[in-house]
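Reading through the structure tokens given below for one structure.
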Amino acid sequence: MSAEQKTASAFRSESDSMGEIQVAADKYWGAQTERSLLHFNIGDDVMPLIPQLREANEPVRELQSGVPLPERVVTANAARIS
């Protein structure tokens, strides 16, 4: 198989209301997702707020530590664990 054939088979043509676009053959998404990946910074972003949210919620956890959970939540969690 030539390099040109490998390149051609590495992509498939997908289409939507905006027309056709080439999508990598090993990806499961279609035209709209591929356009989003081209036009928006998707996938490399990190969530830096998670540690800050954990710290912000600490007082709430302390207040709720004495509050019993509803029985259905306790039962559902016990079933998941066992």
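The values are calculated or read from the model by the stated rules, or taken from the named source; none is laboratory data. Remember, predicted model here, so these are calculated numbers, not experimental data.
Observations
- The listed residue being charged (D, E, K, R), in a helix (DSSP H, G or I) and at pLDDT below 65, out of E4, E62, E34, E55: E4
- Set side by side, the residues D44, D26 differ, and just one is at pLDDT 75 or above and assigned to a loop (DSSP other than H, G, I, E, B), which is D26.
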